[in-house]
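To keep things clear, I will list the structure first and then write my remarks on it.
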Amino acid sequence: MPVAFHVDYWDYLGWKDPFASKAHSDRQRDYAAQWRSDSVYTPGFVLNGKEWRGWSHRDAPAGGATKAIGVLTAVSEDGRQWKIEFQPVAENTAAKYEFHAALLGFDLITDVKAGENRGRKVQHDFVVLANTKVEATKDGRSFQGTLSLDGKTAFPRSGSDWPRGSRAPEACARSGNRRLGAATLEKPRTHSGEGVEVGGK
């Protein structure tokens, strides 16, 4: 599942993206530093911690794992506090994991006032409205963690300011730069595959 982190370094053009933040821009610059690149650009794609430019040729991302990696479950009673558990298929005593979660916006419309898209109404999907992470702790053969995901507090906007559109929380287990599958926080699922990040405006 792609996740789109809107960046704020184009705000000087005269229109501020309501979904952009400095933290998202810094995130992209951190990736660029890992790649030893002196510049950032949009749209920029990250696939498992590596720059991916295949989108410009309409290439599909390289195939992910074909075997199940493990089961990621998420449980919440109020939709804000989440108990996450990852059960790897193969036991690895040396493995360390982080749980990442994001509140994604879909069917969001912005009225662009300046820049190359001036005068257009642009629809956005998979937009990161809030995100958080926690280091997983090992409990037997599983890894567990608790995190908070609340759009009203994790992103500098009040609940009444959210543009119209649907929202869905999404979580993944991560080891280093490798994302071990992801899912909306609804019910236990078995996961395999890759993770894609999108940086854009």
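Every number here is computed from the coordinates shown, using simple stated rules; none is lab data. Owing to the predicted nature of the structure, the values given are computational and were not obtained by experimental measurement. Neighbour counts run over all protein chains shown; Cβ positions are idealised from the backbone, glycine included.
Taking the inverse of the average 1/r across all pairs of different Cα atoms in region 1-111, what Kirkwood radius in Å do you get?
Values: mean 1/r = 0.0574 Å⁻¹.
In region 1-111 this quantity evaluates to 17.4 Å.
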Under a point spin-label approximation (7 Å from Cα along Cα-to-Cβ), what is the residue 111-residue 83 distance to one decimal in nm? 4.6 nm
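Starting from the Cα-Cα distance between residue 38 and residue 55, subtract it from 0.36 nm times their residue separation and give me the gain in nm to one decimal.
On the way: separation 17, 0.36 × 17 = 6.12 nm, distance 2.10 nm.
Stretched out fully, the residue 38 to residue 55 stretch lengthens by 4.0 nm.
Once fully extended, how much extra length lies between residue 137 and residue 67, figured as 0.36 nm per residue of separation less the alpha-carbon to alpha-carbon distance?
Computed gain between residue 137 and residue 67 is 22.8 nm.
If you stretched the chain out fully between residue 26 and residue 121, how much longer would it get, using 0.36 nm times the residue separation minus the C-alpha to C-alpha distance? Provide the component values of the computation, followed by the final result.
Details: separation 95, 0.36 × 95 = 34.20 nm, distance 2.67 nm.
Gain on extension, residue 26 to residue 121, equals 31.5 nm.
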